[in-house]
Amino acid sequence: MTDPAKHTSAGGPPVWRIGDPLQGPDQFAAELVRDEDWVFVVGESAPARDWPARQPGPLDAHGGWREHTTTVRFTVDEPDPDGYLLRLGVQSEHGPCPQLRVTVNGRTGLVFPELVVNDRSRVNPMSLNGGEGVLEISLPPGSVVAGGNELTFTTTAVAGPGDEAGRHREQFEHLFGSQLCWVFVELVAGVAEPDSPEVHVRPLPFYRREPGGLHELVDVYVTFPAGQRPSAVVADGRRYAVESDRTFGQHRVRITVAEFTGQRLLPVEVVGPAGSTLSVHQLTPCRKWTLHLIPHVHLDLGYTDYQGKVVELHSRNLDRALEILRGTPDYRFMVDGSMILDQYLRSRGPAAANRVLDAVRSGTLSLNAYYALFLTGLASLEECCRATYLSARLAEEYDLPVTYANLTDVPSYSHAMPSLLRAAGIEAFMGVQNHTRGGNADSDLAHRQSPCVWEGPDGAELLTYFADSYNQLRFLATDPPTTVSLASTLPHYLSFYDRPDYLPTDLPIVGMHSDNEDLDDGEATFVRRWNELYEWPRLRWSTPADYFETVAPLAHRLPRWKGDGGSYWEDGAGTAAVIVATYRAAQSLLPAVESLHALVATDATPSARDALDDAWAHLLIGCEHTWTSTHASKHPHSQQAIDQLAWKRHHVESAARLATDEARRGVSRLAERISMPGPGLVVYNSASWARPGVVTAEIPPDRMVTDEDGHELPAEREPVDGLDRLRVTVPEVPAFGYRVLPIRPRTHRTAPSVTPAPSTLTAARWELELDPATSRVTRLTHRSSGVRLVDAERDARGWALGELLYVTGGGGEDDRGLDPHNRTSLFDAKVPLPPPQLSIVPASLGPAELARTPGGWVIRSSGHAPSIPLVRWELRLYDDSDRVDVEIFLSKQRVLAKESVYVAFLFALTDPVVRFDRHLGWVDPAVDHTPGACNEWFTASNVVAVTGTEGTVLWSTPDTPLFTVGEVVSGRWPTSFQPDSALLSWAMNNYWFTNTPASQDGALTLHYSFEYRADWDPAAAARFGREVRTPLVAAEVIPNDKFRTGRGTLTEPAASLFPLRLPAGVAGTVHRARTGTALILRLQDLSGQHTDLRLDPPPGVTSIERCTTDERRLAPVPTGPDGRFVVDLPANGLVNLRLDLRA
């Protein structure tokens, strides 16, 4: 075996070669099984047509449980007298790697491939059990003859599946099989074979009870030259006969040695025709493992089938699990999301419900604390908190244990998850990852370090296991699983963990089934069948809760894991940009509406909890990891692809609709309590600090919006069907408070001033240079500091400020990058895939117009881009703020060819440090990303900060979460982050090959805001992002709403409804508790500093208790000598308080 990265060896150039060593299996034919064996004629055949990418072995059910043969025919004029070397570049993606029987002109040899995993980017990303290597086989002298020659390669196995060869699940084809994957085959001349046998000894992790005690199995491999075939191997005092007609290659003899500790020597004597050869080998015993086999069916909301069918299937699987338990009492089953149990209880009768609940209480069924499997890089902080509400309610209502959470199929997670789960009272986390389009060369480190203790940004610690995949038993033991297959793979798989620094002797094997699959009989006899064969490794049915309970005593000695995994699969958000913009709007509005209803609720008008809970249930579907059908890219116009996406859209739009309706209802309730001078706007600020803002309204042209003193407020007006649509600048609104803006008759009218834009514009805060003919802003200088924040002419990329970029490449309209022979690195993180040939085309804009507004300047233009027939572009500068806004409206047409849409912001800062906010604190990907994290694209909760020697720019993108740094996505899959001050909003793409829509269309408005700051202030930066993303809530009060406008107990034109007076480095949110008469107050540190808070008791509050994020009571909050409540808020932390209200 040689290093697969090296493609040369002794001898001359290849006599012939099939395949390119620098390419992978996809260069060959994708057809796996056919009636006739493959035959390749050197000089005539084509690799892409006549050589298989994968060759099944006899442990592959899809291949018919039989051997498969490929043949090479070639001609040699004059054989080389020094001999020949056969070099085979091979991979094994998962399952048992077949042995290879090689025949050359009737002479037969056998090879046992021992493949290695260099990194996950070189082999199939779904299992650690894969590997690669180059097999070097010395051919016997005289085996290659003058004239025609024939080589055959037959995949074989020492033992077949026997009685375990059952029906496999045809829908998965070769996914859970046993194949040898070809990279290249070559014949090299002038290489003599070795003179004497070579012996390699490998202890195995298998122990059997034999007479005399426990014995460990050991494999002895003998590689022998032609003419020296051994007749016997003598090891540990036993003689093992070698009976074979093979004339070259390897023999494997499996021996047993009595159990031992420490190390021992093993003499091995190879008996052959030329005498005996003795070698002595040092043995180290393998660990005695307990393997926790965790049955599990992954929950995708859609993907494999319509969502309604999927929900019912998972309910049916709970019935299946109970049936299995009747015959196999020690069986266990992991429920992948608490919504499965909730749906079961809604759809089954009391008797069935009680049986399932009893199984959960006993631990035979284990329950995920999360409702479903979501993308943490899309979810907001509040959504992450709400994700455990359902399981908390079920646990309380039915007395169920919920001790862990899992996220299955998702390859990366926010660094805040340990802190948030501990705040929810959860003890452990299992990340069951899928590295398809979600990994790089370093992604295996997390698995090999697991179990570990994952530290959150506030210092919270969570017992964690990162599994390398789900379906693990099938990846190891094929489908259907057989004991002989598992025995073939475990030595390779367990070798990753059998090392001195790996403490546990317990290891989970997560999952025996795939996505949304019928549990059927659950392979319920497998554990018994295995344990009848081996004393160790011992298999046991288990759940994550069982496994974590086993390894918890080691927690203080386990490796520490800290950091953020990035946002791999969150790039799917770019495939449905219009839906995601709606989702993002609802995501920011709904918490504001919660606080509004909480603070205006009375006995007569309760807090609309049911409607708001419905809105949250809909919203949480928005960040669930499934978008549409598994075949959406292959069959983009199928009913499945269309309907599954429509289901997702329905939930997102329902959340937005409910949030909007309840916002208006809440403002109406608030207005009823305010004594107003007449009709007007009521504006609510959900932030825990006072702030100004902008709201929109439509009023008659002869009306204006004023402050409480009657002065007209700055407002831009746009005539719309006899009304004026206003963009009103609102003075500061108190924290958790309101401001009334009367609507009065308009005293004067000013015609808007619109002129052609000049090449230079000097505004109050900024100086701007642009090309008036193309509207390209090339320079932007902050006047008071003199910092030139944008200088496109000095940047080689040359993109203008806020320039829309349309990118093509990576797949055409017909094959969409799906054809294995045309794939690029956009498809996945596979090393042999070539980079795409990308073309970047800026939008073509027409001449710019300049408009003077009551509050500043607006530059507008319009144009088009490929597949975008209409682009409207707008840049806004303010007289009284350093903030700059860019707004882009685009009308998109559907395109199946690979494409992306970006908006570029080439900030010109030297020595940049890039940070983006996550749920808790900030992430600097150069420092805080874990090994294997996504470093090519990113998602921010609210804001990105770039700090250079010149200062800091804060940049927020409310409508789309994805952004890149420095360049467009090109499938680089980097293992580290390179800072750059250029930010690109990644608004659209269709790069996925499954689960996402293949194309998109529709009208979309993208908003961007940025601001210059002289210094880096994390709290101020966080506030900026929240203010941009969370608008003020406003509604008009008309005479029909409130005829007697002076009626109301709130007499101030502006006031806080909840006067907390938090320090600048702390943010608060408030909502009504789900039970009782209480408020839930979440306090979050924004400063990165520990804070000892002293809170005055808000009016009407009788007591304050700490609670979990899902609102379960913990302990009373103490008071200090001054009567104020004392709250300890850790740096980057979150504290949850329950404030009981006076009845």
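We did not get these values from a lab; they are worked out from the coordinates using the rules stated. Since the model is a prediction, treat every value here as computed from it, not as a measurement. Here Cβ is always computed from backbone atoms with ideal geometry, including for glycine, and neighbour counts include all displayed protein chains.
Computed over the Cα atoms of segment 691-733, the ratio of the radius of gyration to the Kirkwood radius (Rg/Rh) comes to 0.98.
For segment 919-968, the spread of Cα positions along the three principal axes, ordered from largest to smallest, is 31, 29, 27 Å. With N counted as the residues of the chain, its alpha-carbon radius of gyration over 2.2 N^0.38 Å works out to 1.05. Entry note, the chain: the mean residue ellipticity at 222 nm calculated from DSSP H runs of n ≥ 4, each adding -39500 (n - 2.57), is -5500 deg cm²/dmol after division by the residues and rounding to the nearest 500.
How many nm separate the modelled label positions at Arg1074 and Arg664, each set 7 Å beyond the Cα in the direction of the Cβ? So the two model labels end up 2.9 nm from each other. Since only Pro1059, Ala796, Gly57 are under comparison, the one whose Cα sits farthest along the positive direction of the charge dipole of the chain, derived from C-beta charges on Lys, Arg, Asp and Glu, is Pro1059.
Phi angles across segment 938-946 convert, under the Karplus curve 6.51 cos²θ - 1.76 cosθ + 1.60 with θ = phi - 60°, into 3J(HN,Hα) values of 8, 10, 10, 5, 9, 7, 10, 10, 10 Hz, Gly and Pro given as x. Convex hull volume per residue, computed on the Cα atoms of segment 290-563, equals 129 Å³. A full extension of the chain between Asp1096 and Ala1014 corresponds to an added length of 26.1 nm, given 0.36 nm per residue minus the alpha carbon distance. With distances taken between every two different alpha-carbon atoms, segment 754-1029 has a Kirkwood hydrodynamic radius of 19.4 Å. With Rh defined as the Kirkwood radius, the inverse of the mean 1/r over Cα pairs, the Rg/Rh of segment 370-418 is 0.99. What pairs in Lys830/Lys898; Lys634/Lys892; Lys562/Lys648 have C-alpha atoms more than 27 Å from each other? Check vs 27 Å cut-off fails for Lys562/Lys648. Here the Kirkwood formula, the inverse mean of 1/r across different C-alpha pairs, assigns segment 1060-1141 a hydrodynamic radius of 12.8 Å. Taking one quarter of the surface of the C-alpha convex hull of segment 14-189 gives a mean projected area of 10.3 nm². Spacing of the modelled spin labels on Glu114 and Arg657, each 7 Å from Cα toward Cβ, amounts to 6.4 nm. Rounded, prolate or oblate for segment 234-372? Axes are the square roots of the Cα gyration tensor eigenvalues, ordered a ≥ b ≥ c, and the cut-off for rounded is a/c under 1.5. Prolate.
For Met988, the residues 5 or more places off, or on other chains, whose built amide H falls under 5 Å of its own are Val901. Enumerate by residue number the trypsin sites (Lys or Arg not before Pro) in segment 1045-1143 meeting two conditions: DSSP loop (anything except H, G, I, E, B), and at most 14 other Cβ atoms within 10 Å of the site's Cβ. When the trypsin sites (Lys or Arg not before Pro) of segment 1045-1143 are filtered for loop state and at most 14 Cβ neighbours within 10 Å, Arg1047, Arg1061, Arg1124, Arg1142 remain. Summing charges over neighbours of Gly1046, with a neighbour being any other residue whose Cβ is under 15 Å away from its Cβ, gives 0 when K and R count +1 and D and E count -1.
If you take all other residues with their beta carbon under 11 Å from the beta carbon of Glu624, and give Lys and Arg +1 and Asp and Glu -1, the sum is -2.
Once the chain from Arg691 to Ala351 is taken as fully extended at 0.36 nm per residue, the excess over their C-alpha distance is 116.9 nm. Cβ-Cβ distance of Val913 and Asp50, R₀ of 45 Å, FRET efficiency by 1/(1 + (r/R0)^6): the value works out to about 0.25. In summary, the aspartates and glutamates within cross-link reach of Lys1042, defined as a Cα separation below 14 angstrom excluding same-chain residues under 8 places away, comprise Glu672.
What aspartates and glutamates does Lys309 reach when the alpha-carbon gap must be under 14 Å and sequence neighbours fewer than 8 apart in one chain are set aside? Here the aspartates and glutamates satisfying the reach criterion relative to Lys309 are Asp300, Asp515, Glu517, Asp518, Asp643. Assuming charge only on the beta carbon of Lys and Arg (+1) and of Asp and Glu (-1), the dipole of the chain about its Cα centre is about 2060 debye to the nearest 20. Using only alpha-carbon positions in segment 352-444, the gyration tensor eigenvalues give semi-axes of 27, 16, 11 Å once each is multiplied by 5 and square-rooted (largest first).
Label sites at Glu269 and Glu36, each approximated as a point 7 angstrom past Cα along Cα to Cβ, lie 5.3 nm apart.
Here the 3J(HN,Hα) profile of segment 290-307, calculated from phi with Karplus coefficients 6.51, -1.76 and 1.60 at θ = phi - 60°, is 10, 9, 8, 8, 10, x, 5, 10, 5, 9, 10, 7, x, 6, 7, 6, 4, 4 Hz, Gly and Pro shown as x.
What FRET efficiency comes out for the pair Glu1105/Gln171, r = Cβ-Cβ distance, R0 = 56 Å, nearest 0.05? For Glu1105 and Gln171, the calculated efficiency is 0.65. For Arg872 and Arg1044, a Förster radius of 45 Å and the Cβ-Cβ distance give a FRET efficiency of 0.55, rounded to the nearest 0.05.
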